[in-house]
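J.: Okay, here's the structure, questions in a sec.
Read-outs throughout are calculated quantities, based only on the coordinates presented, and are distinct from any laboratory measurement. Note that the coordinates shown come from a computational prediction; the quantities given were computed from them, not determined experimentally. Here the Cβ is made from the backbone with ideal geometry for all residues, glycine too, and neighbour counts use every protein chain on show.
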Amino acid sequence: MDLEEVGQDLIEINELTNSLYSCISFRRGEHPDVERLKSLFIKEGVLINNNDDPLIFTIDQFVDAIDYQISAGSLKSFSEREVAEKTEIFGKIAHRFSTYEARFDPDDPEPLSIGINSIQLVKVGDSWLTSCLVWNDEAEGRKIPEKYI
């Protein structure tokens with residue numbers, strides 16, 4: 001793989017990551033773009049909340065959980081954005097450590113949480129797709145290392 005290919009792959013992975021964050025972020029009165037979110041994963045893709053015991057979701061289960069929280073009124077808006085990243089690519093696989101800040105309201109001055117999304121990507125045909133997204137929030141005794149900030 002030459003440098004030009006790696007550069008193009010990194011551009012595509014950056015776009016995919018931006019889309020992942022964009023799809024789950026929404027303002028009050030709006031709805032996250034869950035159909036677009038689904039299209040960013042392989043069919044067998046999983047999402048894992050690893051803050052306590054792992055909570056493992058298929059992409060459909062994750063979308064159902066978001067929809068339920070919105071319809072129940074417990075989730076009115078949400079914003080998450082990448083603040084730093086480290087991406088490694090080998091052939092048709094890639095890994096991105098994506099440091100994030102999350103807020104319920106995008107205008108909140110302080111984040112609700114910060115953490116790292118560990119994103120596994122695979123190249124299918126000419127496109128990069130997410131196979132797994134695992135997240136862990138920073139907590140007491142679990143601080144994000146400087147190399148990921």
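J.: Which one, (i) -0.83, -1.08, -1.26; (ii) -0.71, -1.05, -1.32; (iii) -0.80, -1.15, -1.38, gives log10 I(q)/I(0) by the Debye sum over Cα atoms at q = 0.15, 0.18, 0.20 Å⁻¹ as derived from the coordinates shown?
T.: Evaluating log10 I(q)/I(0) by the Debye sum over Cα atoms at q = 0.15, 0.18, 0.20 Å⁻¹ on these atoms matches (iii).
J.: Of the listed peptides 41-51, 93-103, what is their order by residue-averaged count of other C-beta atoms within 10 Å, with the highest listed first?
T.: So the peptides 41-51, 93-103, ranked by packing, come out 93-103, 41-51.
J.: Any idea how far the Cα center of region 102-149 sits from the one of region 1-79, in Å?
T.: Taking the Cα centre of region 1-79 as reference, the centre of region 102-149 is 11 Å away.
J.: Could you check the spin-label model distance between Asp60 and Glu5? Points 7 Å from the Cα along Cα→Cβ, value in nm.
T.: Those two pseudo-labels are separated by 3.5 nm.
J.: With +1 on each Lys and Arg Cβ and -1 on each Asp and Glu Cβ, how big is the dipole of the chain about its Cα centre, in debye rounded to the nearest 20?
T.: 160 debye
J.: Something else now. Hey, with R₀ at 22 Å, roughly what FRET efficiency would Asp52 and Ser131 work out to, going by the Cβ-Cβ distance, to 0.05?
T.: 0.45
J.: Here's another thing I want to ask about it. Rounded, prolate or oblate, given the Cα gyration tensor of region 56-115, with a/c below 1.5 counting as rounded?
T.: Because a/c hits 1.5 or more and a/b fails to exceed b/c, region 56-115 counts as oblate.
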